[in-house]
Amino acid sequence: MLLLDEPLSALDKNLRQDMQVELKTLQQTLGLTTIFVTHDQEEALSLSDRVVVMNKGEIEQLDTPANIYNQPVSEYVARFVGEAFFFRGRVEGGYSGLALRQDDGKLIPIKGEALEAGQEAIAFVRPEWVDLSKLDVLLEPEAPQGIVDRLMFFGQSSDYLVNISDRQMRVKRRNDGKGFSSGEAVALRFIARALPESGAGA
């Protein structure tokens with residue numbers, strides 16, 4: 001067994017990424033069981049075959065990195081791993097699938113397991129799950145709408161901070177030459193991941 005306690009924390013980004021590949025290759029080639037301690041969530045997800053998320057000394061979820069990120073079993077895991085924007089409401093069913101009716105009456109399209117019409121639920125969406133479009137090409141009349149507050153350019157992608165009612169959602173979008181400007185009204189398309197309130201407690 002190999003125990004590594006934050007071995008890459010002092011390296012710059014490019015060298016750290018190269019060493020992550022080398023460590024993963026070495027671990028798989030030698031077949032070593034490796035415990036890797038890190039505070040970098042991206043590093044934990046990229047290097048691991050299994051990830052454990054603990055809450056107050058108890059295991060909250062032990063799963064693959066993809067399931068931890070995309071299908072967390074609780075609100076705590078969804079909030080702890082990665083960034084997410086949350087909605088609360090009541091589940092409704094329809095011909096186009098499940099939706100979450102919020103207190104303000106607006107509907108949010110959702111997906112998830114163990115969901116039934118009428119039950120209270122919490123839903124979340126990751127920044128990269130959201131697609132932005134101009135309002136003049138809006139196809140879904142009930143799609144959430146917002147105003148771009150500002151954007152942050154990162155080279156291959158940009159983060160858009162979008163004001164929705166009295167909250168702000170971060171949207172990560174690949175730069176394709178068709179960006180949006182501060183102050184521009186946009187429609188947001190996504191399908192949020194939902195959890196029953198009984199399994200959503202932090």
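Nothing in this text is a laboratory measurement; each read-out follows from the coordinates by a stated rule. These numbers were taken from a predicted model, which means no experiment stands behind them.
Quick notes
- The chain, relative contact order in percent, only Cα pairs under 8 angstrom and at least six apart counted: 18
- Region 17-90: Cα Rg divided by the 2.2 N^0.38 Å rule of thumb: 1.26
- Fraction in percent of alpha-carbon pairs per bin - 10 Å, region 152-196: 21, 53, 22, 4
- Whole-number percent relative contact order across region 1-41, with pairs defined as alpha carbons under 8 Å at least 6 apart: 67
- Alpha-carbon centroids, region 142-180 and region 1-56: separation in whole Å: 31
- Partners of LYS134 within straight-line reach, counting lysines whose Cα lies under 18 Å from its Cα and excluding those fewer than 8 residues away in the same chain: LYS172, LYS178.
- If you run the Gaussian network model on the chain, springs between alpha carbon atoms under 10 Å, then out of GLU43, GLU83, GLU92 the most flexible one is GLU43.
- Hits among aspartates and glutamates - C-alpha to C-alpha of LYS13 under 13 Å, sequence gap 8 or more where chains match: ASP40, GLU42, GLU43
- Across region 109-123, computed HN-Hα scalar couplings (Karplus, 6.51 cos²θ - 1.76 cosθ + 1.60, θ = phi - 60°) run x, 9, 9, x, 9, 6, 9, 10, 4, x, 8, 6, 8, 10, 10 Hz from first to last residue, x flagging Gly and Pro.
- Here the 3J(HN,Hα) profile of region 34-48, calculated from phi with Karplus coefficients 6.51, -1.76 and 1.60 at θ = phi - 60°, is 10, 9, 10, 9, 7, 9, 8, 5, 4, 5, 4, 5, 6, 8, 9 Hz, Gly and Pro shown as x.
- For Cα extents along the principal axes in Å, the candidate list reads (1) 99, 36, 33; (2) 66, 56, 33; (3) 55, 42, 27; the entry that matches the value derived from this model is (3).
- Full extension of the chain segment joining GLN145 with LEU4 gains 46.2 nm, where the gain is 0.36 nm per residue of separation less the Cα-Cα distance.
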